């Protein structure tokens, strides 16, 4: 997994690139606030680690977008 981040601070634009492996995917459920549910993708690299958090709406859009483009990826297999 590769991550590329661009952030603006007082000195200008800072770009950060890192890579790592996905270690865990967490489903964050909230019984009292169903709109606050999210999916967290936890990753760890040699010198970096982090969590990318998606709302349920964002993860649905991502899945829909990837599903429509699966035929473009060669040697892609479904994992069970």
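The values are calculated or read from the model by the stated rules, or taken from the named source; none is laboratory data. Here the structure is a predicted model, which is why all the values come from computation and not from measurement. For neighbour counting, all protein chains shown are included, and Cβ atoms are generated from backbone atoms with ideal geometry for every residue, glycine included.
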Any hit, the range 24-40, residues being touching a residue at least 12 places away in the same chain (Cβ under 8 Å), touching a helix residue (DSSP H, G or I) at 6+ places or on another chain (Cβ under 6 Å) and surrounded by 10 or more Cβ atoms within 10 Å (Cβ to Cβ): yes
Filter result for the condition that a residue is assigned to a strand (DSSP E or B) and either loosely packed, with under 10 Cβ neighbours inside 10 Å or over 11 Å from the mean Cα position of the chain (by Cα) (or both), over 64, 4: 4
Residue among 13, 31 that alone is at pLDDT 90 or above and on the phi < 0 side of the Ramachandran plot: 13
Tally of residues being under 13 Å from residue 56 (Cα atoms), assigned to a strand (DSSP E or B) and out of contact with any strand residue (DSSP E or B) (no Cβ under 7 Å at 6 or more places or on another chain) across the range 8-43: 0
